[in-house]
Amino acid sequence: MDDVRYDFDTVSRLEAEAIGRPGQRTFRLIAGNDRGETAVLWIEKEVLQALGEAIDRLLAQLGPRRYRRLDVAPPPPRPAAPLVDEPVVEFKLGNLGLGYDPEARRCLLIAHDIEGDPEGPATLRCLIKQSQFRRLSEQIAGIVATGRPRCPMCGQPLPDGPHFCPPSNGHLSRADRADEA
């Protein structure tokens, strides 16, 4: 395929992983195929969360809807399997596209290296079974849920100490004021 540098066909492995402590984590996607090739895509937390939501929307369009219960916290994610060999390709994610290939009857993920041309050939292309995409979405939800809690007013991650919150005109939250007493 001329419009992609690495074509993984249908992947046998697709996982998300958070490395480090909440507030200091880095995130990555790991894709592997039956030829023993592995790709590692470094991704920002917000983009990872948006990917999980986009997967849910795509899967809802493709078949019966399976709703995630918002009143129940997702289970903690299982750790990703260790990388056995060096990845064939590793890059920081720039643009990401999802779709569906009706001929292959598989979901499609196309990723561009942040240092590459977003209009040029994709860096990585892979086909994904719907069940794999669903598991990835659930794994992403678990990873996001294990992060730092967010401020209910501004949505920013809460630090260990006092929190400056612009919507509250910079006042400290009640919990922070109790800490000062």
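The values are calculated or read from the model by the stated rules, or taken from the named source; none is laboratory data. Remember, it's a predicted structure, so these values are computed and weren't measured experimentally. No Cβ is skipped: glycine too gets one built from the backbone with ideal geometry, and neighbour counts run over all protein chains shown.
So the values come out like this:
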item	result
Elements of type strands (runs of 3 or more DSSP E) in segment 9-55, at least 3 residues being in contact (Cβ under 8 Å) with a residue 60 or more places away in the chain and surrounded by 15 or more Cβ atoms within 10 Å (Cβ to Cβ)	13-19, 26-32
Segment 143-154: number of residues that are surrounded by fewer than 18 Cβ atoms within 10 Å (Cβ to Cβ) and under 22 Å from Asp56 (Cα atoms)	3
Sole exception among (1) assigned by TED's automatic domain parsing to the domain that holds Asp34; (2) modelled with pLDDT of 75 or more for Ala73, by number	(2)
